Each structure stands twice: as C-alpha cells, then as structure tokens.
1. Identify the residue in the stretch 152-172 that is more than 25 Å from Arg208 (Cβ to Cβ), within 19 Å of the chain's Cα centre (by Cα) and touching a residue at least 12 places away in the same chain (Cβ under 8 Å) and, among all such residues, is surrounded by the fewest Cβ atoms within 10 Å (Cβ to Cβ).
2. Hey, Phe166 hits all of (1) out of contact with any helix residue (DSSP H, G or I) (no Cβ under 7 Å at 6 or more places or on another chain); (2) closer than 18 Å to Thr34 by Cα but one; which does it fall short on?
3. Suppose the filter is farther than 17 Å from Ser241 by Cβ, of a type in the set (D, E, K, R), assigned by TED's automatic domain parsing to the domain that holds Gly335 and surrounded by fewer than 16 Cβ atoms within 10 Å (Cβ to Cβ); does Arg306 pass it?
4. Please go through the stretch 42-69 and pick out each residue that is hydrophobic (A, V, I, L, M, F, W, C) and closer than 24 Å to His369 by Cβ.
5. In the set Val253, Val242, which member is more than 19 Å from the chain's Cα centre (by Cα) and more than 22 Å from Val329 (Cα to Cα)?
6. Of everything in the stretch 173-208 that's under 17 Å from the mean Cα position of the chain (by Cα), closer than 22 Å to Leu90 by Cα and not acidic (Asp, Glu), which residue is modelled with the lowest pLDDT?
7. Answer yes or no: is there a residue in the stretch 165-186 that is polar (S, T, N, Q), under 28 Å from Leu299 (Cβ atoms) and not in a loop (DSSP other than H, G, I, E, B).
8. Look at Ser330 and say whether it is surrounded by 23 or more Cβ atoms within 10 Å (Cβ to Cβ), assigned by TED's automatic domain parsing to the domain that holds Arg361 and in a loop (DSSP other than H, G, I, E, B).
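The values are calculated or read from the model by the stated rules, or taken from the named source; none is laboratory data. The model shown is predicted, which means the values in this text are computed figures rather than measured ones. Reconstructed Cβ throughout: ideal geometry from the backbone, glycine too, with neighbour counts over all protein chains shown.
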Amino acid sequence: MYPRIQLKTDPFTHHPWIFQKMIQRPKYRLSPGTVVEVVSRQGAFVGRGFYHPSRTVAILLLTTHPSERIDEGFFRTRLETAKILREQILKISTRSNAYRLIHGEGDGLPGLVIDKFADVLVVEPFSAGYIPFADTLFTILKELYPNATVCFRPDQKTEKQEGVSFQTLRKRYPCPQGVILKEHSLSMEVSLLTGHKTGYFLDQRDNRAMVAELSTGKEVWDLFCYTGGFGIAAALGGARSVTAVDLDEKALVIAQRNARLNQVTIDFIHEDCFDFLRRMEAEDRQADLVIVDPAKLALVREEIPRALRTYNDINRLAMGRVRTGGILVSCSCSGLVSEHQFLSVLTNAAREAQVELQMFRITGASPDHPVRTDFPEGRYLKVVFSRIVRFPYHR
C-alpha cells in the first residue's frame, strides 16, 4: 500500500502536476520522492506519483490508472514506448545517432530526462523519487541498448531544491568526459561533465538543418552560439562567412574544436551579444542571416516581465543588423513565456526597429521532444524564422 494523500477539491484535468495548495497535508512526514496514492475529496482514486513535502509542486503524477503500480514493469513500458517513437516512428537514427529518449511529462515520466548521445545514455533526474529506481532504470536501459554506457547526471540546483543528495548516483553511474555525435552532416563534440543540461541541445536539431539550407552564400552571425551548433551548420550549408559570439569561454573552446572537427572556418568572438550588436551598429555592419538563441530567461513566473524585455531588446538590436531581405532566427526556450507572448515581443521589437517581419516558419523542439495534451507546458521552445523587410516609408 502506498501512503495516501487526499485532494481538497476534485480534479478537473489529468495534469501531471498537483500543487501544495490542492492537497490535504499528510498526518505524518513523508520523505521527498515518496511514491503516494492520490485520492479525491470523496476518496476516489486519482493517481500515483512522487510526493515532495516542501516544493510548490507537491506531487508529480506518474499514472492515473488504478491497476498500474510504480515498479519495474511500469518503467519498462514507458521506456519501451519511448524508444518505439524515436526509432520506429520518427526514425531519427537515419538522420542522427543522438536523440531525446525521455522528455519528462511528454513520455509519461515527469521529472526525468534521458538523452542518447551516440552510445552514451545520460539520465538527468529532477525528482528525488527516481533515486530508489536508479538501478531499475539502468537495468532496463542496458537491455534496450546493450552496447550503451548509462550514466546519471543530476543537476546541482535540483539537488538543492529537492533537499536530497544525488552523490550516490554520480559515483555509481559516472559520465564519460565526452562523446562525438552525428546530426545530419554535422559532427559535434559533447562535454558530458561541463556542458549545460545533459551536454547538448538536441531540441534544435531540425532548426539547425533549416539554418543550413538558408545559409548558402550568406554572411551569418550566430549569437549565443554555445558550442557552435547553428554556426557550424551554417558553414556546412555553404555560408560565405560565419561569426559566432558567446560570453561562455568554456563553451567557445568546445565550439572551436567542433569547427575543426567539421573542417569549417568560423570567427569566434568572446563578447556579450548585446555589446557585439551595439558595436556592429556603431560600425554600420550588417549580416544576411542572424540567429538569436539565448539561454532560458524566465525560470520562475516572477521573471517573465524581465525576460520579455530582454527578448525585446536583443531582437530589436538584431533586426537592425539584418540586411533588407535577410533572415532573422529568433529563439526562446523559456517555457513560461508562451508563443503568443513571444510573437507579441517580436512584433513590438520590429516596430521599434522600424522594420517589418515576414514570419515564414514558426517551429519548436524536434519531434523527439513530444508534448502531451494534458501538459501543454511541454511545448517550451519557440523558434521564429523571419525575413526583414524595409519599405521606403521606414527610411
């Protein structure tokens, strides 16, 4: 029997997050990550999931089916189903040897990310609930991918938020230093010890391919370039020249190695992207294609107004540096910022920059980042491809 937690009100949806304000506090203290059974105010079964006594999201619902227990069979079904989507339906292995195997709520495993980089599977838990099931996950993943190395890379921020130590997982399942992945015509070195998240942003795979198609013969600026994905894709796509800018020195070192790995020439610049654009404005320099892909700007709801201002300012500056008829690729990976808000920001930025945008492609994460209907928040990435238009009355 699982510890039982009762809701204060009856649920209206099957959303996988249950907040503290929605539940009756349990009569005795439960440890972070305890598997609990959730019941309605009338005592009817609602679901089972991981409980946390102090986080805003009190329960991550794993299942709403009474017959489904949280055991090895549960995780095996979820992992097998996820692999079928990537391998048999999406056939990602024909284009890349790297993909996201588990995308949290989108694959029915809230608080868990698993990325496959060549023959390395990187597991990133965001809930203490996965600690007791680490061996189970390892065993199943080794069965599904016999030749793979399975490692755990918990985030230190998550460790602090959960109030538990993931040190045992780090020691038992250590990550190798790095791996080389293939993506379309791109080869990329991924640092599994120092890189952001699990080491590489797989969600931009298809958008990088689109940038490669659009870059032939163009002067390209890749802003917030990180380890060089967009810039190298542009160079491989036949760009006339590529300039890549980032303030992260460690990322630029890897980006330079990736450029050599792909045998392309890129001008890497260690500079704040705002400062770079202002300097280009002062020098009256422009490019044919500019990519703006900053890190997440809104981690909590209170940060949304500041994030919107930052998106507005960086895109306004970038719009002014794109030649008439050129292309701007604007990205937002802040899940708390909706697509409607982001498009409104771009509209306002265009007005301030005195240009018009022809938005010809609005995309998101690659399809190995599925979104379930009961969790629309999973559609976090917004990528807008626009042509910059200047009519005479704007001059």
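1. Once the filter is applied, the top-ranked residue is Thr158.
2. Every condition holds for Phe166 apart from (1).
3. Answer is yes for this residue.
4. Phe50, Val57, Ile59, Leu60, Leu61, Leu62
5. Only one candidate qualifies: Val253.
6. Thr198
7. Yes; the residues of the stretch 165-186 include at least one that is polar (S, T, N, Q), under 28 Å from Leu299 (Cβ atoms) and not in a loop (DSSP other than H, G, I, E, B).
8. no
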